[in-house]
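Here's the structure we're looking at; comments come further down.
The values are calculated or read from the model by the stated rules, or taken from the named source; none is laboratory data. Values in this document were obtained by computation on a predicted structure and should not be read as measured data. Note that each Cβ is placed from the backbone with ideal geometry, even for glycine, and that neighbours are counted across all protein chains shown.
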Amino acid sequence: PGAMLLTAAGVALIAVQFAAARAPAAATGAQRPPGADTARLLDNFEQRFAELKARKPSALLLGDLYTLGAQLEQRGRLPQATAVFRHLARIDATHRDVTMRLKRLMDAQRAPTGRTETKGGAAVHAAAASPAATDRAVNPAPATPRTPPPSPADTRLGTPGGTAGEDSAPPTQLGRYRLEREIGRGAMGVVYLGRDLAINRQVAIKAIPLASEFSDSELAEARARFFREAETAGRLNHPNIVTIYDVGEERGLAYIAMEYLQGRHLSEYAVPAKLLEPRKVAELVRRTADALSFAHKQQVVHRDIKPANLMYDTATDVLKITDFGIARITDAGNTRTGIVLGTPSFMSPEQLEGRTVTGHSDLFSLGVSLFQLLTGHLPFTADSMTGLMQQIAERPHPPLRAFRPDLPACLEEILDRALAKEPGARFETGAQMAAALEDCKKRIADGAP
């Protein structure tokens, strides 16, 4: 309208970051200043960038990436600079001015197209997951309402129509779908308003440049994972889950054709000035919990539940969960780099630590979303990623009624259970959480304290 990830394969990012914070840069065995071999890297960008992506997070790596990105930007190689800063932001979104640079780069690359952003129209169902734009847990700033399309500061986007190293125009057609205009940039790609030429149906097309996100050795696995996860998500037939029509790949772009939704991301109502009334919040989160219960019964875990992945149309009162399965698509390339799949401030302790993720993790994320939708604030904040992880893993969340004394005790009780540190202490199922919210909603209507 944010997101460093840790791999679900078990890499403990907390341990990596703690070790990096304690160990001096000299411990890496390199005495040169960060980025001293930038010229060498520029000579063979693809190969050298792959080498950098294979290295473990460290202060030296951050410096090398930043210097390389700055040099590429200075020389006008904007798509390559964007790819480098994207990768840097995944490791540490708070490093220097990386978020500002990403926004500037992506604005510059969109400027020549002549497209104008839609203001006040329908939002797109693409999860905005920029490390610092929408995830205000790290270096929190006063929240402001957002206007679609999602923020261009998303740091996990590729260049539409080509790889990270190509200056190519956006595609005009993918498969049987004509792309009419770009309507947003989300967690993993660019979203277009499209039309299915076979049946003349309006659709949303999420285009994901897998080739720019993975090395040649990783690409086959990533492509297989993409189709597997998209197929799994496509089997979820529920009134509160966005419908996936089709998947495919063309010209280096994997794409998902899905239901085009009217409405806005619930993240627009997660700021103090635009909060929905508590009973409505309870109802919307209840529907979400019910949909998650359905998905979990199909052995599908979302892994990135947050208000930005919940679309709501006030005119029709329709709520839809978006981006099922998307969080797992890049898992194949992240096992070596200590990056987590998801949005940190909404993630459960076990997801941050790289432990097995189950439906209980989604319910924790839903609890964080409930807290934010009721108060306009995140329950866990810190001035660094390491500090945020410590808060989520070790510290209790603040009392709900410290922010909103007017809210009933039943909402506090639901949050206490949903945000329990241990998965077994949370609601057993989404259906159980939905039932608690339905009961609480009735108590709100009756004016219960």
Taking residue 46, is it of a type outside the set (S, T, N, Q), under 28 Å from residue 181 (Cβ atoms), over 21 Å from the mean Cα position of the chain (by Cα) and at pLDDT 50 or above? no
Any idea which of (1) closer than 23 Å to residue 84 by Cβ; (2) modelled with pLDDT of 90 or more is the one residue 187 doesn't satisfy? (2)
Quick check on region 270-293: of everything there that is assigned to a helix (DSSP H, G or I) and either in contact with a Pro (Cβ under 7 Å, 6 or more places away or on another chain) or outside the structural domain of residue 310 (by TED's automatic domain parsing) (or both), which residue is farthest from residue 431 (Cα to Cα)? 273
Output yes when any residue across region 231-238 is in the same structural domain as residue 177 (by TED's automatic domain parsing), touching a His at 6+ places or on another chain (Cβ under 6 Å) and crowded, with 20+ Cβ neighbours inside 10 Å, and no when none is. no
Six or more apart or on different chains, Cβ under 9 Å: which pairs go from a residue in region 97-108 that's charged (D, E, K, R) to one that's not in a helix (DSSP H, G or I)? Could you list them? 103/130; 103/133; 103/151; 103/152; 103/153; 107/152
Restricting to region 73-107, give me the number of residues that are of a type in the set (D, E, K, R) and on the phi > 0 side of the Ramachandran plot. 1
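Residue-wise test of (1) of a type in the set (S, T, N, Q); (2) surrounded by 18 or more Cβ atoms within 10 Å (Cβ to Cβ).
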| residue | (1), (2) |
| --- | --- |
| 375 | yes, yes |
| 381 | yes, no |
| 387 | no, no |
| 394 | no, no |
| 400 | no, yes |
| 403 | no, no |
| 406 | no, no |
| 420 | no, yes |
Could you please find all residues in region 201-224 being polar (S, T, N, Q), surrounded by fewer than 17 Cβ atoms within 10 Å (Cβ to Cβ) and within 22 Å of the chain's Cα centre (by Cα)? 215
When you go through 108, 126 one by one, which is the residue that is at pLDDT below 50 and of a type in the set (Gly, Ala, Ser)? 126
Having 1 or more residues that are assigned by TED's automatic domain parsing to the domain that holds residue 92 and within 17 Å of residue 288 (Cβ to Cβ) is the bar; report the helices (runs of 4 or more DSSP H) wholly within region 347-449 that clear it. none
